[in-house]
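Working notes, structure below.
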Amino acid sequence: MILNIVIFTIFLNQINAELDPNSKVVTIDLKIPENYAITYPTTTNLRDSRILHGSSAANGQFPFAAFLHIQRGGSLTHCTGSLISSNWIITARSCFVINPNLPADSLLAFLGSNDMQSASMVNSFANRGAYFNNDNGINPNIALFRLSIDMPTTSFIRTIRLPRLVNENFGFDDFNTTTIGWGRQANNLFPRLLQFASFRILGVHLCFWNTNFPTFDFCSQHQTLVSMTDTERDIGGASVIFEGDGQMTLIGITSAVMNLPNGLAVSSVRVSSFLRFINEHTGIPFR
């Protein structure tokens, strides 16, 4: 149940002109439901699960990955999220909001294993959220949720760092990125194990051929994926790069799949464009 909704205006001058500089952000307080029954989606055989011709992740390989249960009335949605501090999750707005008047009732995050049904996973309900809600309908597909308890730091639960502030307008064109998620497969079932695959971020001359494509997003393409029938993408999942120190940095949140003239690509919200939004609501310091 949603208790309070507060709308206020923040100024995002560093985000490109396509997003209203007086963008509205909705913050919501969430009630932790009583007698919540945990249910899991039907999963595929562990050996057969693949994300976009990718691979099953080893336990602890992506310790920031969160499997999300999102309750809306009598329906349940599952998405992927990322732990960016001990008690904040970042994911896609579309996982939580169908329209401005119909946000979800609750969000439950599971962390600590590559197996979504592992008994070792630690879970926490979110008690607060923040996302964009503009009158013009241009809403970046990004949302933040504060967990009701702090996640422990273990070999299997760790935060993913954010890009440096100096890169907030950097496009990451031609970078190789790793995308992760528990997204639904072509057989309409979910992989039980977290999946990952490598992609290349396309340059603006390939990515922005569609004038309606948000310029605060980037798109990336798998070398062999050419058909929408291969899979349904992992909305809310992370795209990461490895920096010079060998550590992973979160640069994208999976938003959608789209058709480009030269094949299929994944559209992701560019996290660096929203570092000020993240800092404003989470208090995570800039790098």
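The values are calculated or read from the model by the stated rules, or taken from the named source; none is laboratory data. If you're wondering where the values come from, they're calculated on a predicted model, not measured in any experiment. Reconstructed Cβ throughout: ideal geometry from the backbone, glycine too, with neighbour counts over all protein chains shown.
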Requested in this report: Please work out if S118 is farther than 18 Å from I149 by Cα and out of contact with any Phe, Trp or Tyr (no Cβ under 8 Å at 6 or more places or on another chain).
Outcome: yes
Report summary line: Residue pairs within 8 Å by beta carbon, gap of at least six or interchain, first lying in segment 66-87 and closer than 13 Å to N123 by Cβ, second among the basic types (K, R) and not in a strand (DSSP E or B), listed first then second, are L83/R158
Requested in this report: Grab the strands (runs of 3 or more DSSP E) fully contained in segment 69-151, keeping just those with 2 or more residues being more than 12 Å from the chain's Cα centre (by Cα), among the hydroxyl-bearing types (S, T, Y) and surrounded by 21 or more Cβ atoms within 10 Å (Cβ to Cβ).
Outcome: 122-132
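Please enumerate the residues belonging to segment 182-206 that are of a type in the set (A, V, I, L, M), modelled with pLDDT of 85 or more and out of contact with any helix residue (DSSP H, G or I) (no Cβ under 9 Å at 6 or more places or on another chain). Even if it seems obvious, please write down each step before you answer.
So the first thing to find is which residues in segment 182-206 are of a type in the set (A, V, I, L, M), and the list is 186, 189, 193-194, 197, 201-202, 204, 206.
Now narrow it down to the ones that are modelled with pLDDT of 85 or more: 193-194.
The one that is of a type in the set (A, V, I, L, M), modelled with pLDDT of 85 or more and out of contact with any helix residue (DSSP H, G or I) (no Cβ under 9 Å at 6 or more places or on another chain): L194.
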Query raised in the report: Can we say T249 is modelled with pLDDT of 60 or more, more than 21 Å from S113 (Cα to Cα), surrounded by fewer than 23 Cβ atoms within 10 Å (Cβ to Cβ) and hydroxyl-bearing (S, T, Y)?
Result: no
**Report entry** Candidate set from segment 152-181 (those that are part of a loop (DSSP other than H, G, I, E, B) and among the polar types (S, T, N, Q)); member that is modelled with the lowest pLDDT
**Finding:** N169
